[in-house]
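Colleague: Supplied in structure tokens, the structure appears directly below.
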Amino acid sequence: MKHTAFIFSLVVLISMMAIIITNNIEKVPKRLLSVQKYYSYLYEDDLEMKIPLYLNDIDHPIAHASSYDAILLTNPDESKMIQLELSKITYGYEEFYLNEKFYQMTLHLELPNLGEDFLIEDLVMKVSLVNGDSYEFSLGVLSLMSITSDSDALDWSALEGRKNESLFISRLKTIIIEYTTCLKEIDNILIGIDSQVAFNVEQDQIVLTIVDQYILMDDVPIIIHYSDGSIQTIANFRYMFDYEILKDSGMLITPYALN
């Protein structure tokens with residue numbers, strides 16, 4: 001009997017110690033990271049904006065599409081805003097930042113055709129969840145262009161993007177358009193609203209050179225203005241895939257505490 005009582009007391013003591021140890025273990029705060037990026041889009045059917053975010057708890061409600069009530073893209077004073085519908089969330093790679101594991105998740109948002117150009121240079125995303133929680137994330141720059149192509153003077157065959165090797169961040173430096181014929185003189189080329197790029201026309205390719213800025217850029221459209229006033233567009237194309245965004249982005253990263 002005494003032996004049984006001793007074993008019972010020992011089990012209770014061990015259980016209590018386990019509870020005390022568990023309660024005193026510092027819980028890792030739930031965090032989300034956003035990275036400043038240049039989001040540029042040319043309106044087309046079924047246009048989708050993809051916003052990558054990074055969080056350390058994949059079970060948090062913000063990681064699941066069913067948790068979202070509303071998403072608003074705006075600027076800090078809310079003088080410009082559009083409300084978007086979330087179509088899905090996809091999950092990517094894992095990455096360590098400041099010795100902590102983060103999971104990449106991408107919000108897929110349906111972009112409406114506003115019928116006009118739309119630019120936000122200090123982009124903020126406001127998120128409301130069905131549980132009542134709300135968050136604001138800084139994202140970078142948003143450029144939406146409504147342009148009708150009325151020329152096919154450039155018969156292009158391939159696109160290639162190259163990163164500036166002197167910069168660690170994931171940012172386009174050059175875009176190469178391979179072509180067979182170009183029947184008109186090119187006046188200027190843009191990859192976003194007020195984002196004109198230098199270009200050099202060679203025998204079988206056009207090389208676009210993008211001015212360096214400390215912000216991510218990997219997916220842009222191309223708008224070619226010819227000297228006769230006509231326009232040719234090349235739809236959005238993702239030129240780079242980078243799997244170490246957090247490692248190299250430094251001051252572009254903004255951390256947020258999650259409820």
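Every number here is computed from the coordinates shown, using simple stated rules; none is lab data. Computed from a prediction, not measured in an experiment: that's the story for all the values here. Cβ sites come from the backbone with ideal geometry, for glycine too, and all protein chains shown count toward neighbours.
Colleague: With a 10 Å radius around each residue's Cβ, average the other Cβ atoms per peptide and rank 135-144, 196-205, highest first.
Modeller: The most tightly packed comes first, giving 135-144, 196-205.
Colleague: Nothing charged except the Cβ atoms of Lys and Arg (+1) and of Asp and Glu (-1): what's the magnitude of the dipole of the stretch 154-238 about its Cα centre? Round to the nearest 20 debye.
Modeller: The calculation lands at about 280 debye.
Colleague: Ok, one more. Can you check what the net charge comes to around M240, using other residues whose Cβ is under 9 Å from the Cβ of M240 (Lys, Arg +1; Asp, Glu -1)?
Modeller: The answer is +1.
Colleague: Once phi is turned into ³J(HN,Hα) by the Karplus curve 6.51 cos²θ - 1.76 cosθ + 1.60 with θ = phi - 60°, what whole-Hz value does each residue of the stretch 153-165 show in order, with x for glycine and proline?
Modeller: 4, 9, 9, 9, 10, 7, 10, 8, x, 10, 8, 6, 5
Colleague: Which aspartates and glutamates, on any chain, are close to K247 with Cα under 14 Å apart, when same-chain ones fewer than 8 places away are left out?
Modeller: E94, E95, E100
Colleague: Can you tally the net charge around D117? Count Lys and Arg as +1, Asp and Glu as -1, for every other residue whose Cβ sits under 15 Å from the Cβ of D117.
Modeller: For residues surrounding D117, the net value is -3.
Colleague: I'd like the distance between the alpha-carbon centres of the stretch 141-158 and the stretch 85-120, rounded to an integer number of Å.
Modeller: Cα centres, the stretch 141-158 to the stretch 85-120: 24 Å.
Colleague: If you add up the charges near K163, with Lys and Arg at +1 and Asp and Glu at -1, over every other residue whose beta carbon is less than 14 angstrom from its beta carbon, what do you get?
Modeller: Overall, the nearby charge balance is -4.
Colleague: What are the ³J(HN,Hα) couplings of the stretch 186-194, residue after residue, when phi is run through the Karplus curve with 6.51, -1.76, 1.60 and θ = phi - 60°? Round to Hz, x for glycine and proline.
Modeller: Each residue of the stretch 186-194 in turn: 8, 8, 7, 9, 10, 10, x, 4, 6 Hz.
Colleague: Structure shown: which of K126/K173; K27/K50; K80/K126; K37/K126 lie over 21 Å apart, alpha-carbon to alpha-carbon?
Modeller: Beyond 21 Å: K126/K173; K27/K50.
Colleague: Could you pull out every residue, at least 5 positions away or on a different chain, whose amide H is within less than 5 Å of the one on M217? Hs are placed 1.01 Å off N in the peptide plane, and Pro or chain starts have none.
Modeller: The answer is Y38, R171, L172.
Colleague: Can you compute the helix-only [θ] at 222 nm over the chain? Use -39500 (n - 2.57) per DSSP H run of at least 4 residues, normalise by all residues, nearest 500 deg cm²/dmol.
Modeller: Here the helix-only value at 222 nm equals -3500 deg cm²/dmol.
Colleague: Another one. Could you pull out every one of the aspartates and glutamates with an alpha carbon less than 19 Å from that of K101, ignoring same-chain neighbours closer than 8 positions?
Modeller: Here the aspartates and glutamates satisfying the reach criterion relative to K101 are E26, D57, D59, D242, E244, D248.
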